[in-house]
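Chemist: I am attaching a structure below and will ask some questions about it afterwards.
The values are calculated or read from the model by the stated rules, or taken from the named source; none is laboratory data. Predicted, not measured: the structure shown is a model, and the values here were computed from it. With ideal geometry, Cβ positions are generated from the backbone for all residues, glycine too; neighbour counts draw on all protein chains shown.
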């Protein structure tokens with residue numbers, strides 16, 4: 001056992017007070033809207049599939065890849081902006097943007113239009129998490145950081161639950177009201193649901209803008225000076241990550257850098273072509289290829305512009321192993337979270353409204369409980385074990401998939417719905433420990449950037465691949481239940497990687 005760093009050292013700021021808890025409460029609401037706007041697509045999936053004639057793989061693409069690639073890619077420059085600019089303003093502007101795009105999703109009349117709107121939602125939502133992680137790390141001491149970030153992250157499940165419940169009720173009520181009549185503006189129930197959940201976010205954005213901005217790095221005594229040109233720094237990151245501007249950034253660095261970037265692009269293009277020839281669904285693999293190229297270009301640029309951050313990202317085994325380990329846990333969580341309502345509708349023949357309300361309540365209550373308990377547990381373990389937070393991730397991977405397996409296998413609908421509660425609680429334990437582990441391993445000036453990189457890995461693996469993979473397996477086998485069962489195996493891979501990360505984390509935190 002080893003003692004861990006404490007905020008009680010001389011000169012450290014006092015413990016977080018009432019205003020810090022107020023900020024946390026407001027940011028929880030932001031994350032509620034973040035996932036409400038994101039998760040509502042799950043309960044609407046069956047109606048969208050019928051109205052727009054889309055496949056399961058395309059549904060997985062809509063929920064996962066179309067959102068995830070742009071969420072992850074734009075998270076990098078917006079993470080940089082979180083490190084250099086007013087974080088509350090950044091969150092407020094992003095919230096207004098993604099809420100507006102969610103409302104526009106309700107105006108979509110075709111698969112491409114809905115995909116474009118979901119891309120907009122992803123870009124807007126990319127502003128929230130890196131800025132919020134950094135903001136809360138300055139309001140709360142390290143000893144309480146996992147708890148604070150877990151409470152913030154509990155908004156994931158509250159928002160997801162509300163999305164399922166509101167979506168199911170709105171669709172059922174609207175379609176029943178206009179079953180024998182023409183609806184206003186020809187809107188379908190699923191379109192109205194997007195409008196209902198999108199527009200209130202604009203009011204919340206105005207509230208977020210009134211929060212106070214704390215001194216960056218105050219908790220560690222590493223106060224960072226204000227950046228003289230925050231938007232210029234953000235633009236540099238954007239050029240480094242957004243194709244085809246990536247070629248311009250490489251060309252500025254010289255012929256060798258341009259050649260390396262072109263080689264990266266060629267290798268990824270070849271890989272995408274081979275995968276499309278094998279599996280089809282070009283939109284999925286082209287989008288993912290663009291995202292991987294953007295991430296690789298950014299890393300090449302970061303090596304030239306900010307060598308210390310690049311070295312930390314590429315030469316910190318605990319950080320790398322933890323990121324990929326938590327990403328595999330996210331693969332299971334995102335996959336089951338999206339496909340569970342369609343599973344109950346198709347396999348157990350539960351009405352969409354009932355599925356939305358029951359699963360929504362289960363997700364909100366159990367997810368909030370699991371995320372919060374995971375954070376409290378992680379902070380307690382870290383008092384005596386430097387790798388204590390990673391142990392909670394290991395427990396998540398060992399507990400969640402077996403419960404989910406029993407839930408998927410039982411033929412009793414009531415039992416399956418009841419089991420969704422402990423399955424959700426167990427699978428959500430990792431979220432606070434994951435976010436706080438990243439914060440522990442980097443200095444304050446790098447938190448927004450490294451948080452964006454962490455979210456990029458989690459999003460690409462968990463969100464861009466998870467729901468699509470199950471959709472594709474469902475089409476190939478004709479069995480959504482089997483596809484979900486196969487996906488649970490990713491949790492065991494996460495356990496292995498997190499256990500390996502725990503072997504390195506003590507030295508790297510120091």
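Chemist: If a residue counts only when it is within 24 Å of residue 387 (Cβ to Cβ), which helices (runs of 4 or more DSSP H) contained entirely in segment 415-510 have at least 2 such residues?
Modeler: Output list reads 431-440, 447-458, 490-509.
Chemist: Here's another thing I want to ask about it. Taking segment 488-505, which residues are under 26 Å from residue 413 (Cβ atoms) and surrounded by fewer than 23 Cβ atoms within 10 Å (Cβ to Cβ)?
Modeler: Hits for segment 488-505 are 488, 489.
Chemist: In the list 290, 272, 276, which residue meets the criterion of being surrounded by fewer than 17 Cβ atoms within 10 Å (Cβ to Cβ), at pLDDT 90 or above and under 23 Å from residue 119 (Cα atoms)?
Modeler: 276
Chemist: Please go through segment 25-51 and pick out each residue that is modelled with pLDDT of 85 or more and within 22 Å of residue 347 (Cα to Cα).
Modeler: 40, 41, 42, 43, 44, 45, 46, 47, 48, 49, 50, 51, listed by residue number.
Chemist: Something else now. Only residues in segment 46-71 that are farther than 27 Å from residue 295 by Cβ count as the first member; pair them with residues that are assigned to a loop (DSSP other than H, G, I, E, B), Cβ under 6 angstrom, at least 6 apart or cross-chain, and list the lot.
Modeler: Qualifying pairs under 6 Å: 51/188.
Chemist: Oh, and also: Kindly provide the set of residues from segment 98-110 that are over 12 Å from residue 191 (Cα atoms) and buried (at least 20 other Cβ atoms within 10 Å of the Cβ), ordered by number.
Modeler: Result: 98, 99, 101.
Chemist: Report the residue count in segment 448-482 for those that are surrounded by fewer than 24 Cβ atoms within 10 Å (Cβ to Cβ) and under 17 Å from residue 346 (Cα atoms).
Modeler: Count: 10.
Chemist: Further, regarding this structure: Looking at (1) under 14 Å from residue 433 (Cα atoms); (2) at pLDDT below 90; (3) in a helix (DSSP H, G or I), which one does residue 322 not meet, given that it meets all the others?
Modeler: (2)
Chemist: Looking at segment 409-441 only, could you name the residues that are out of contact with any helix residue (DSSP H, G or I) (no Cβ under 6 Å at 6 or more places or on another chain) and buried (at least 20 other Cβ atoms within 10 Å of the Cβ)?
Modeler: Answer for segment 409-441, where residues must be out of contact with any helix residue (DSSP H, G or I) (no Cβ under 6 Å at 6 or more places or on another chain) and buried (at least 20 other Cβ atoms within 10 Å of the Cβ): there is none.
Every residue, every condition in (1) farther than 29 Å from residue 496 by Cα; (2) over 16 Å from the mean Cα position of the chain (by Cα); (3) surrounded by fewer than 24 Cβ atoms within 10 Å (Cβ to Cβ), yes or no:
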residue: 339; (1), (2), (3): no, yes, no
residue: 352; (1), (2), (3): yes, yes, no
residue: 376; (1), (2), (3): no, yes, yes
residue: 396; (1), (2), (3): no, yes, no
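Chemist: So, in segment 348-392, of the ones that are in contact with a helix residue (DSSP H, G or I) (Cβ under 6 Å, 6 or more places away or on another chain), closer than 24 Å to residue 468 by Cα and in a loop (DSSP other than H, G, I, E, B), which residue ends up modelled with the highest pLDDT?
Modeler: Only one residue tops the list, namely 348.
Chemist: Residue check, residue 93 against (1) touching a helix residue (DSSP H, G or I) at 6+ places or on another chain (Cβ under 7 Å); (2) surrounded by fewer than 24 Cβ atoms within 10 Å (Cβ to Cβ); (3) farther than 27 Å from residue 341 by Cβ, all met but one. Which one?
Modeler: (1) is the only condition that residue 93 fails.
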